[in-house]
Structures are given as C-alpha cells and as structure tokens.
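Everything on this sheet refers to the single structure shown next.
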Amino acid sequence: MNTDADWLASARAVLDHYAFTPRCLSRITQGLINLTVRVTASDGTRYVLQRLHPVFGDSVNVNLERVTTHLADRGMLTPRLVRTRDGALSVVVDGAVWRVLSHVAGRSYDALPGLPEAAAAGRLLGRFHVALADFDQPLVVERPAVHDLPRHLAHLDAALAAAASHPLSDAVAAQSAVLRERLDAVPPFAVQPQRLVHGDPKISNVMFDAAGRDALCLIDLDTLAQMPLAFELGDAMRSWCNPHAEDAAGARFDLAIFAAAIGGYLAIAGAALTAAERAAIVPATRLICLELGARFLADALEERYFAWDASRYASRGAHNLARARGQIAVADSLAAQSAAACDIVAGCA
C-alpha cells in the first residue's frame, strides 16, 4: 500500500474509474484514520475521495450504502457513495480500498465554539438516531466491537510488554497506571440494549453549514454499529464538551456545553431512551474518555494507527501520548462535576 507521501498518483488512478473528470485534488488532514482528498471536477462539482485504512474492509461501503439510503429516505442529509462507471461502490488500487462520496458543503470543528453549536449538534445526533430506529437491514460486521474495554486494556498491556526499549515506554507505563486507577473509580451502570448508532460521533464528524451554526449531517459513517446508546452518547460528550483540542494541555469537561448538547439531544430523542440509558450517560462518558486514552497509549508505543501532526510533535508516539493525557484530564474534570452532570440529565426529563 502506498504511503501518504505518494497518494496523488494512486488517487488519479482511482478517479480514472469514475465518469467525472477531476480538475483539482487537495488533501483534507482533519481525520485520524482514512486518507481524505477533496476533488473538484471539471464542471465544478465537488466530491470526497477516501483511501480506507486497512482496518476497514470493503464491507463498510455496503453498510454505508444501505444506511445512507435509509437516512435519505427519512429526509436526512447525508454523504452518498458515488458509483464507478461499472456501478461498483469502490476501487482497489495498490492493495487499498478507495471510494468517492458526494460532497456536503459546510464546515466542521475540532472543538465546539459555543453553546448554540452544541445544542445544534445534539439535535442532529437525536434526529440521526430517530431516523435509524426502524432500520432493519443486516450490517456486515468484520471488526471487533469498538467499545470493548478489556480488549483495549489487554492490547495496552501487550504494547507495554513488547516495547520496553521504546523511548516513551516509561511515560506510557506511568499514564497507564493513572488510567487504571481512574477506571476503578467509574461508577458501574446497567447493561444497555443494542441500538444502531454512528459509532464515532466526535465533533469533527458533525458537519455544520457555512456559517458554522446549523448542524447539517454526520460524516465518516464507517463505524456504524449496534451498541449501547450510552457508549455513543459518552463518545459524543467526551469530544463535544472539551472546549480545547483533543491533545491540548488544558483539556477539560465543560458543564455548560454538556447542558446545551445533551439538552438538544434529549429534546429530539429523549422519549425513546429508557431510564437506565439516561442514568448511564455520565458514567459512560467517563468510561469512554479512559477507554480512548488506553487506545492512544497503546499507539504511542506501536505508532501505526492514529494519524499525527508532524509540525507539532516529534513522533506519532509523542502526539498519541498527549492525546491520552488529554482524555484522562477530561475524565478527571467530569468526575469532579459528576453530580452536577447527572442533575443536568435528570433536568432534561
């Protein structure tokens, strides 16, 4: 598979399979997993070209086609797969799976700028879940469940054992000990029913309009899965309610953003939640922060999964270590405000 440095030749080879003529290609560097390219065709139409990370098989495109068709039928704006001249959903070039999606004009954020945007994002996620409530087609599942804390902790332990000579091994081991201590303090919550959800509702996967105020749609639907709703909402809140970047030293959990976001969500989808699902939102958010922290720590040593910013960090490992510290900080901040956060959820009943 080609490296990021020589993506352009492969991208042009992929686009030869499509009916439009590309005029301009430019990298989009915001995502952590897939290589993403903005394509402008000769007629001015914009598309999104993606090279999927090897963890994703072509089955994600089958799932994407089924779910986005359902969402569109329910009146939801959503990126749609563009088929090749031969009607295929994707193209394989140099051993990698590539696809083209319709372009949704707008903007996304790495951190929410204010409370109106938080409420808008919450309402959008609520509409998304409501629209998927009657989806009854099977999804092709090839990857293990993303929220499997024992598996992620075992992976972290294996990474530590295999990387004793890594320059960051001591720092990662120290943060791993802190993380496990924090996990022991997360209150238990009831097992939840499975629901079809986005699977990675971080704020950069929420597309806003050009003015940045109205939340239009969710993007990057490769993580669609059946899972407890509390994990989905926990993943959203741990991302949305940190007013700083994921790797920032000042990462924290902002209660005002949480009130706006969860209030927006529950105003749309709250009637469908069970009492146990509501009660699980706050502890699940703490758990998901720490789970993601464990994943970042493992990749700080393995340096092969999450993308990194070479302009700000000396290595992929250093960037992932900063991200892990940020997630632990958000979890700590929420823990100190847990009672108030639970009161906010109860007040939205």
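What follows is calculated from the coordinates using simple rules that are stated; it is not laboratory data. Given the structure is predicted, the values throughout are model-derived calculations rather than measurements. As a convention, Cβ positions derive from the backbone with ideal geometry for all residues, glycine included, and neighbour counts pool all protein chains shown.
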> Among Glu303, Glu65, Glu277, Glu291, what is the fewest-to-most ranking by other Cβ atoms within 10 Å?
Replying inline: Glu65, Glu303, Glu277, Glu291
> Taking a label point 7 Å from the Cα of Tyr305 along the Cα→Cβ vector, which residues of region 26-66 have an amide N closer than 16 Å to it?
Replying inline: 32-34, 53-57
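Hydropathy at least 1.6 by Kyte-Doolittle, axial extent at least 18 angstrom from the Cα trace: which helices of the chain, defined as entire DSSP H runs, fit?
On the way: long enough: 59-73 (21 Å, -0.13); 115-132 (26 Å, 0.73); 149-162 (20 Å, 0.59); 169-184 (23 Å, -0.09); 255-269 (20 Å, 2.17); 275-302 (40 Å, 0.78); 316-336 (30 Å, 0.00).
Qualifying helices: 255-269.
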>> Under the rule of at least 5 residues apart or a separate chain, name every residue whose amide H is placed under 5 Å from the amide H of Arg195.
In response: Met227, Leu229
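Quick one: putting +1 on the C-beta of Lys and Arg, -1 on the C-beta of Asp and Glu, what dipole do you get for the chain around its Cα centre, in Debye to the nearest 20? Provide the component values of the computation, followed by the final result.
Details: 32 positive and 37 negative charges, 116 e Å.
So the dipole magnitude of the chain works out to roughly 560 debye.
Please report the net charge: other residues with Cβ closer than 15 Å to the Cβ of Thr21, K and R +1, D and E -1. Walk me through the intermediate numbers first.
On the way: positive: Arg12, Arg23, Arg46, Arg85; negative: Asp16, Asp43.
With Lys, Arg at +1 and Asp, Glu at -1, the neighbours total +2.
Assuming R0 = 51 Å, what is the FRET efficiency of Ala154 and Arg85, from their Cβ-Cβ distance, to the nearest 0.05? Please report the intermediate quantities before stating the final value.
Details: r = 45 Å, r/R0 = 0.89.
Efficiency computed from Cβ-Cβ geometry: 0.65.
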> To the nearest µm²/s, what D does Stokes-Einstein give for region 108-166 at 20 °C and 1.002 mPa s, using the Kirkwood radius over alpha carbon pairs as Rh?
Replying inline: 135
> Amide H neighbours of Val97 under 5 Å, counting only residues 5+ apart in sequence or on other chains, H built in-plane at 1.01 Å?
Replying inline: Leu52
> Given a cut-off of 21 Å, what percent of all Cα-Cα pairs of region 4-102 lie beyond it?
Replying inline: 31
> What is the Å³ per residue value for the convex hull set by the Cα atoms of region 130-269?
Replying inline: 167
>> Debye calculation, C-alpha points only, no solvent: report log10 I(q)/I(0) for region 251-335 at q = 0.20, 0.21, 0.22 Å⁻¹, in the same order as the q values.
In response: -0.90, -0.94, -0.98
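From the square roots a ≥ b ≥ c of the eigenvalues of the alpha-carbon gyration tensor of region 146-203, which class results: rounded (a/c under 1.5), prolate (a/b over b/c), or oblate? Before the final figure, lay out the partial values.
On the way: a/c = 2.52, a/b = 1.85, b/c = 1.36.
Verdict is prolate for region 146-203.
Report the full-extension gain for the segment Gln137 to Val55: residue separation times 0.36 nm, less the Cα-Cα distance, to one decimal in nm.
Values: separation 82, 0.36 × 82 = 29.52 nm, distance 2.29 nm.
So the chain would gain 27.2 nm between Gln137 and Val55.
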>> Given axes a ≥ b ≥ c from the Cα gyration tensor, I'd like to know whether region 188-301 is rounded (a/c under 1.5), prolate (a/b larger than b/c) or oblate.
In response: rounded
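For Leu77 and Ala173, calculate 0.36 nm times their separation in residues minus their Cα-Cα distance, and state this gained length in nm to one decimal.
On the way: separation 96, 0.36 × 96 = 34.56 nm, distance 4.40 nm.
Working it through step by step, the gained length comes to 30.2 nm.
Apply the a/c threshold of 1.5 to the C-alpha gyration tensor of region 67-121 and tell me whether it is rounded, prolate or oblate.
Numbers: a/c = 3.61, a/b = 1.81, b/c = 2.00.
Because a/c hits 1.5 or more and a/b fails to exceed b/c, region 67-121 counts as oblate.
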> What is the fewest-to-most order of Arg278, Arg12 by other Cβ atoms lying within 10 Å of their Cβ?
Replying inline: Arg12, Arg278
> Under the rule of -39500 (n - 2.57) per DSSP H run of 4 or more residues, summed and divided by the residues of the chain, what mean residue ellipticity at 222 nm is obtained, to the nearest 500 deg cm²/dmol?
Replying inline: -15000 deg cm²/dmol
> Using 1/(1 + (r/R0)^6) with R0 = 30 angstrom and r between the beta carbons of Ala162 and Ala314, what's the FRET efficiency to the nearest 0.05?
Replying inline: 0.90
> So, in nm, how far is label Thr274 from label His244 when the simple model puts each one 7 Å beyond its Cα toward the Cβ?
Replying inline: 3.8
> What is the calculated FRET efficiency for Ser102 to Asp43, with r their C-beta to C-beta distance and R₀ = 22 Å, to the nearest 0.05?
Replying inline: 0.95
> Can you pull the Kirkwood radius for the chain, inverse mean 1/r over Cα pairs, to one decimal in Å?
Replying inline: 20.9
> With each pseudo-label sitting 7 Å past Cα toward Cβ, what's the Val191-Val130 distance in nm, one decimal?
Replying inline: 3.1
